[in-house]
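As structure tokens, the structure follows; a few thoughts come after it.
The values are calculated or read from the model by the stated rules, or taken from the named source; none is laboratory data. For clarity, every value in this text was computed on a predicted model and none was experimentally measured. Heads up, the Cβs are rebuilt from the backbone with ideal geometry, glycines too, and the neighbour counts pull from every protein chain shown.
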Amino acid sequence: MMKKVLAGALVAAATFSIAPGPAAHASGFGEVRGKVFDTVTGKPDKLACVIIWIQDGVNPPVTVNVNPLDGTYDAVNVATGAWPATAYDCVTVPKHWPAMYGGPTPAPSIPGVNIGGGALVNVIDGIATTGVDFGLGKAAITRITVKDSKTKKTIPNVSICPYQVPNQFQFAFCGGTDGAGKGVPIYSPPGSMRLQINDNRSSGTNPSPPGYPVGIWIGGADFASATTFTVASGANPPFNLLYDPLPAGSRTGEVTGTITDKVTGLPLAGACATAWGTTIVASAPTSADGTFDIVGVENGNVEISAGDCDHVTGTHTNVVYRNHPGLDTSKQKLVRVLVGTVTPNINFALPLAGQILVHVVDANTGLPIDGAGVTPYKSALNTLGGQYQTGFGVGDWTTGTPGDVLLSDLVAASSKLQGYAPGYESDWYGGGTDFTLAKKVHITVGANPAITIALVPQLGKHNSAAPGIMATASGGARR
């Protein structure tokens, strides 16, 4: 992906020819026409694309393919204004380097993809701007392999961006390694360049891999001291780079967002967001305006959930990111957390919850069982064919009365409830040990009628481990 580098003021707009636009035309838009050709042969580049970089904060860039017969293009519905433009081979294996529009012949293009390094295309309402031509030269092809400096293993998803010496213009689209660690070549103009490892946060694609630094220059602390690589047209010898991992204690990022009430849309103070890493679980409460800031989040693709901090006395359900009620991780969207960076706008809207009191008793004596707990599950399986919880599982410490368990954060939906206690079989309400035979309990928002689960004693065994989620009196919980 291209990293936009504004290295100075844009060059003044060139002089263009203008022609009447199409008869049917939306106000505020014009048209751009031209051709793309090979600078050596003069023949049309039939594999090219052209991007008009709209920068008005409203309209997106306009990308168009050239006509494969003659290399001409016609970009329509281009927002009016003066915009930079880029031409490049839009194929998997390009033959030419990319270039910015540089003005009329004899200098129709400026090598590289620096948006601040070319002329501007003047787009006029209802008018076709013509003669916006690009000449592309034969690309220098540079393949880079990246390995961990300690393990010498190939590292996937490393994005490396080239910058021209001496002006620090971006020389070409970024290359690096793909998801399998295979080198993605840089197709650049020939000449001298310096390389920076870039995480592409703005595009969200091919981010730097977890556990490694980003924004560093190869061979130096900054552009001025980085190693200079010189490449020629055609294939160049591959570059082999060693990448130093970050110390284990520094491999964390930060996640921010807002938690609101789904019904009212108002911010929720006292709600909590939790990041469930494989080795680190980090949580943060919301402030008065409903915002939260989780620090020390394990890097990588992380599960984020939100709910009332106290899921025993709270009145809202828990949700996983993208606001699927309950704890069905098959419906979630994992959040990409980068080392040393803030991942913003991870927002949640919490629905109101249902509550139900469950009496857990001995199936033989009918007496309440001290230390009992209950875990709620959705009555239907998820898309992966598995059970998932409609709230946190809790014990009878929620009421202080042996055998009485208060579930307070339930999704308003049909559920099945499983009881457990030390020395007893883990049985389902109305269904013994079988989930499929268990009775459904329809949970509505607010208080629901109490039910009773009878557990069968487990002879000769001590069943102290609870299935599903087990919570503590301090409110900690985990699947």
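Taking the numbered list (1) part of a loop (DSSP other than H, G, I, E, B); (2) of a type in the set (Ser, Thr, Tyr); (3) modelled with pLDDT of 90 or more in turn, THR129 passes all entries but (1). Report yes if LYS153 is within 24 Å of CYS174 (Cβ to Cβ) and in the same structural domain as PRO189 (by TED's automatic domain parsing), otherwise no. Against the criterion (within 24 Å of CYS174 (Cβ to Cβ) and in the same structural domain as PRO189 (by TED's automatic domain parsing)), LYS153 qualifies.
Looking only at residues in segment 142-181 that are surrounded by fewer than 21 Cβ atoms within 10 Å (Cβ to Cβ) and β-branched (Val, Ile, Thr), the one that is nearest to ASN114 (Cα to Cα) is VAL165. Scanning segment 398-427 for residues that are over 12 Å from VAL358 (Cα atoms), not charged (D, E, K, R) and not in a loop (DSSP other than H, G, I, E, B) yields a total of 4.
Matching residues to (1) in the same structural domain as THR41 (by TED's automatic domain parsing); (2) among the hydrophobic types (A, V, I, L, M, F, W, C); (3) over 30 Å from SER192 (Cα atoms):
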position: THR63; (1), (2), (3): yes, no, no
position: ASP74; (1), (2), (3): yes, no, yes
position: ALA85; (1), (2), (3): yes, yes, no
position: TYR88; (1), (2), (3): yes, no, no
position: VAL91; (1), (2), (3): yes, yes, no
position: PRO98; (1), (2), (3): yes, no, no
position: SER109; (1), (2), (3): yes, no, no
position: VAL113; (1), (2), (3): yes, yes, no
position: ASN122; (1), (2), (3): yes, no, yes
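Filtering GLY42, GLY34, GLY28 for residues that are among the small types (Gly, Ala, Ser), surrounded by fewer than 11 Cβ atoms within 10 Å (Cβ to Cβ) and modelled with pLDDT of 50 or more leaves a single hit, GLY42. With respect to the conditions (1) touching a residue at least 60 places away in the same chain (Cβ under 8 Å); (2) within 22 Å of ASP244 (Cα to Cα); (3) under 25 Å from the mean Cα position of the chain (by Cα), THR154 lacks only one, and its number is (1). Somewhere in segment 82-100, is a residue of a type in the set (D, E, K, R), farther than 28 Å from THR142 by Cβ and at pLDDT 90 or above? Checking segment 82-100: not a single residue is of a type in the set (D, E, K, R), farther than 28 Å from THR142 by Cβ and at pLDDT 90 or above. Screening the candidates ILE141, ILE115 for the property of being under 24 Å from CYS174 (Cβ atoms) and modelled with pLDDT under 90 yields one hit, ILE115. Looking at segment 226-248, which of the residues that are more than 23 Å from the chain's Cα centre (by Cα) and without any contact (Cβ under 8 Å) to a residue 40 or more places away in the chain is nearest to ASN318 (Cα to Cα)? Selected residue: PRO247. Restricting attention to segment 285-325, the residues that are touching a Pro at 6+ places or on another chain (Cβ under 9 Å), among the charged types (D, E, K, R) and assigned to a strand (DSSP E or B) add up to 1. Can you confirm whether VAL441 is in contact with a Phe, Trp or Tyr (Cβ under 7 Å, 6 or more places away or on another chain) and modelled with pLDDT of 80 or more? Taking the combined requirement at face value, the residue satisfies it.
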